[in-house]
Every structure is written in C-alpha cells, then in structure tokens.
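Values quoted throughout were computed directly from the atomic coordinates according to the rules given, and no laboratory measurement underlies them. Here the structure is a predicted model, which means the values were calculated and not measured. Cβ: placed from backbone, ideal geometry, glycine included. Neighbour counts: every protein chain shown.
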C-alpha cells in the first residue's frame, strides 16, 4: 500500500500516473469500439478514418488519433465515494470537407464515425476512471481534509 501525507499528495500521484492509465485505456477502448464483431463501424469506414488521420495531421498538426485529451478533476475531500474524476477535455472531430475520400464519406457515415469517436473517448474515460479508483482505494492517506 502506498502512503501519502495528504490528499494533495495523492492527487499529484494520480496525475503522475494518468498517462500510463490512458495508454492502457486507449488500447482497450480501441479494441472494443473499432475491432471485432462488435465494431461500431464497418471495415471501409475504419479505412477511411485511417486515410483522414494523416491528412489532418499534415494540415493541422493534429489528426483523429491523439486528438483526444483527458484530465483529472478533483472533487474535494477524497474518500471512497468521492474520488477525483477522469474527464475527456477534447474529442476528435471529423471535418465536413477538405480531406481525402471526403466525397465518399456521406453524412450518415460521417455521423456514425462521430458517434464511434465519441464512444471511444467515453470508454477511455471509463477504463481510466476504474484504474484511478483502484489506485485511490488502496492508497493510505495520513490526513484527510474535513
């Protein structure tokens, strides 16, 4: 069990671990949303996203992958019912025009891709929140704010 002198120290430790938790959560979420029989999108739609990503990265410095961002929101006094929360601070967006294959991405497919990307981010939040809660649950804090 890791020991912390107060909740601020615990929150700093949580923030230090966030990147590692996100790495694992992104892999799990990608597998759930985009791979296998439960995939939200069809193979052709995923291939099109794979073409859009590097073009957006080249043009704008940020593509679809890696555009998702997350943070930790403290909730006040930490206890089992009141742990910090993981939040998505940026979701990837598919532009309405200006990317290769744009003429093949009809509005329905674009909307499905937006839903899939949103679901992906939400699952990343869920997996990361689970890791955070497990860490906080097993942490020992000497003094809690009242």
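Can you sort 16, 50 by how many other beta carbons sit within 10 Å, fewest first? Please report the intermediate quantities before stating the final value.
Working: 16 9, 50 13.
The most exposed by this proxy come first: 16, 50.
Could you work out how much longer the chain between residue 35 and residue 75 gets when fully extended? Use 0.36 nm per residue separation minus the Cα distance between them, nm to one decimal.
Additional length available on full extension: 10.9 nm.
Using only Cα atoms, locate the centre of region 38-58 and the centre of region 103-127, then give the distance between them in Å, rounded to an integer.
10 Å
Could you line up 118, 137, 21 from fewest to most neighbouring Cβ atoms inside 10 Å?
Details: 118 17, 137 9, 21 21.
Ranked by crowding around the Cβ, least crowded first: 137, 118, 21.
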